[in-house]
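Peer 1: Below is a structure I'd like to ask you about.
The values are calculated or read from the model by the stated rules, or taken from the named source; none is laboratory data. Note that the coordinates shown come from a computational prediction; the quantities given were computed from them, not determined experimentally. As a convention, Cβ positions derive from the backbone with ideal geometry for all residues, glycine included, and neighbour counts pool all protein chains shown.
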Amino acid sequence: MLAELRTRSQITIPKQIVVSLGLSEGDQLDIFEKDGMVCMVPVVTYPKKYVEELKKEVKALKKNIKSGKQKVFNNIDDMIASLEKG
């Protein structure tokens, strides 16, 4: 597929690629050059507040694991079996 570089360095991503990647207006792309190619990779950004809350939850979870308050499983099957027991 060809895309034409337009004024103000703009291009249109072909619809087939947009649909295939599930992109929509407002999505962000990381654009970089590698070995003479222009690469675009979809990225997700999260608000700083959300990331800080997630860090707090992970810290608390690690503390609970270390103290034995948080159950730890060796694999997903063990976890599901534990959940099914109630």
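Peer 1: Return the residues of the range 43-84 that are assigned to a loop (DSSP other than H, G, I, E, B) and at pLDDT 95 or above; say none if nothing qualifies. Outline the logic, then answer.
Peer 2: Going through the range 43-84, the residues assigned to a loop (DSSP other than H, G, I, E, B) turn out to be 44-47, 68-75.
75 - this is the single residue of the range 43-84 that is assigned to a loop (DSSP other than H, G, I, E, B) and at pLDDT 95 or above.
Peer 1: Next question. Please specify each residue of the range 12-30 satisfying the condition of being farther than 15 Å from residue 1 by Cβ and loosely packed, with under 10 Cβ neighbours inside 10 Å. Before the answer, list the steps.
Peer 2: In the first step, residues of the range 12-30 are kept if they are farther than 15 Å from residue 1 by Cβ; the result is 22, 24-30.
Residues satisfying the conditions are 22, 24, 25, 26, 30.
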